[in-house]
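Contents: one structure, followed by commentary.
Bear in mind that the values in this text are calculations on the coordinates, not laboratory data. Here the structure is a predicted model, which means the values were calculated and not measured. Ideal geometry is used to build each Cβ from the backbone, glycine not excepted, and the neighbour counts take in all protein chains shown.
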Amino acid sequence: MSTDYHPMWQELGLDLDAHDALLGVLGPLYEKTFLTQPNRPQGMDYFNFVMSEVHGLRVKELLDHKEKGGFVTGTFCTFVPEELVLAAGGICVGLCAGAEWSTPEVDALLPRTTCALIKGAFGFASARVCPYLAASDLVVGENTCDGKKKAWESFHRFVKELHVMDMPQVKNSTGHALLREQYGILLKKLEDVGGRKVTPEALEGAISTVNAKRRALARLTVLRQANPAPISGLDALLVQQVSFYDDPVRFTASVEALCDELEERVRQGKGVHEGRRPRLLMSGCPMAVPNWKLPHIVEQAGAIIVGEESCIGTRGLRNEVRQGSGGLDAQLEALTERYFAIDCAIFSPNPERQEHVVDMSATQQADGVIHFSLPFCTPYQSEALRMEPALEAGGLPVLRIDTDYSPEDAGQLSTRVEAFLERLEA
Ligand code: SF4
Ligand code: SF4
């Protein structure tokens, strides 16, 4: 970071020593994981810059937006429509924490059997090291899994205002109606916080902006179908992670520019690596920044990741919202249709997800699947237990991995991944 942002962080109420310690770990981790990769596309320079300023310039942009009468909404789930936040004059930022941060306060609030994603979010909040949370005027939680549902009961102590959305658990007409109702309630809440009514024109513009972002990311996914793949899985994951923080219009333009470059690589038959590598699909729990442990191990072992079936991947980012649907009611219905199609493991039953993994493995030309679950994540761990034998029976090899953010099991994971790659080669 070229500017000293300590005064800004102090004003936001961050614990400066703890925050400096966090940045002191994140910077070297980023360099080691990303900047040592060979043959990176030039288009990744933009994302390097975003990451170098993720707690600096981007946070300043949020505060500038608030100065001008806007507001910031923090979210934890892809079921929160960014379109509604933008239409109400807000900026939407992801708050999921992909790193461990334990405090005695968190240990007293959460059971030991809580997933690392929830624990990380609590830890960052309790330790006052997240400028995005500190800048958020409204935080939206959602009743998805049991862990999150109960976590919101104590999370309000860390935020200015917490709005909890109820979530359907079954894909039927009752579930659809519940989500539609919840989006209407969220719209009103955002209007209260933003101090203005959302018009159909504003919502249509926001839908168009977010659709364009999804289209650019879908283009990136399609380019990764090429064999050899033109970009590493780590870089593609990073792009998708940045989509939860960056300005959506600028982000879309940067992804399109990256895709132009990758298209040229594909046209020339050039891959990011020389020679053939096993191609893998990652499937499972979301990987929030800076959770790069498993993809780094997989690609260090000599494979290439060609797709992410995850909320920070195609599960969360595919499918556009129908445009030109008319007034607010019809637009809310169009939003509901799009978001209700997300095949998150909180739904029961959830056969669409397994079908999606099979389809995606075929289109991305994957040789196998790595299923990633965070320990204590019952929804994804349960689905993995059934998915593994079903995919194997269909001829698609699967490696099921449960791991959190700790580096302690890195050696053991490398051994398992290497053995899986040997199996694929055989
Ligand atoms: S996995 Fe489910 S609960 Fe988690 S972010 Fe995705 S949609 Fe939300
Ligand atoms: S769905 Fe799984 S990973 Fe997501 S918050 Fe719940 S337990 Fe954690």
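What's the total number of residues in the range 312-341 that are out of contact with any Pro (no Cβ under 6 Å at 6 or more places or on another chain), crowded, with 20+ Cβ neighbours inside 10 Å and either of a type in the set (Val, Ile, Thr) or not in a helix (DSSP H, G or I) (or both)?
Residues that pass the stated criteria total 4.
In this structure, is Ser361 buried (at least 22 other Cβ atoms within 10 Å of the Cβ), more than 16 Å from ligand 1 (Cβ to nearest atom) and under 21 Å from the mean Cα position of the chain (by Cα)?
So Ser361 fits the description; yes.
Please find, within the range 39-94, the residue that is nearest to ligand 1 (Cβ to nearest atom) out of those that are within 27 Å of Leu335 (Cα to Cα), out of contact with any Lys or Arg (no Cβ under 9 Å at 6 or more places or on another chain) and among the hydroxyl-bearing types (Ser, Thr, Tyr).
Thr75
Among what's in the range 134-163 and is buried (at least 18 other Cβ atoms within 10 Å of the Cβ) and part of a strand (DSSP E or B), pick the residue that is farthest from ligand 2 (Cβ to nearest atom).
Applying the filter and picking the extreme gives Leu138.
Please verify whether Val398 is touching a residue at least 12 places away in the same chain (Cβ under 8 Å) and within 15 Å of ligand 1 (Cβ to nearest atom), treating the condition exactly as stated.
For Val398, the condition - touching a residue at least 12 places away in the same chain (Cβ under 8 Å) and within 15 Å of ligand 1 (Cβ to nearest atom) - is not met.
In this structure, is Gly411 over 26 Å from Asp343 (Cβ atoms), surrounded by fewer than 20 Cβ atoms within 10 Å (Cβ to Cβ) and of a type outside the set (D, E, K, R)?
Judged against the criteria, Gly411 is a match.
Can we say Phe47 is touching a residue at least 24 places away in the same chain (Cβ under 8 Å), in contact with a Leu (Cβ under 9 Å, 6 or more places away or on another chain) and over 20 Å from Gly147 (Cβ atoms)?
So Phe47 fits the description; yes.
Mind checking which residues of the range 259-287 are in contact with a helix residue (DSSP H, G or I) (Cβ under 7 Å, 6 or more places away or on another chain), away from ligand 1 (no atom under 16 Å from the Cβ) and either in a helix (DSSP H, G or I) or of a type in the set (A, V, I, L, M, F, W, C) (or both)?
Within the range 259-287, Cys259, Leu262, Glu263, Val266, Leu280, Leu281 meet the criteria.
Can you tell me how many residues in the range 164-181 are farther than 21 Å from Pro349 by Cβ and assigned to a helix (DSSP H, G or I)?
2
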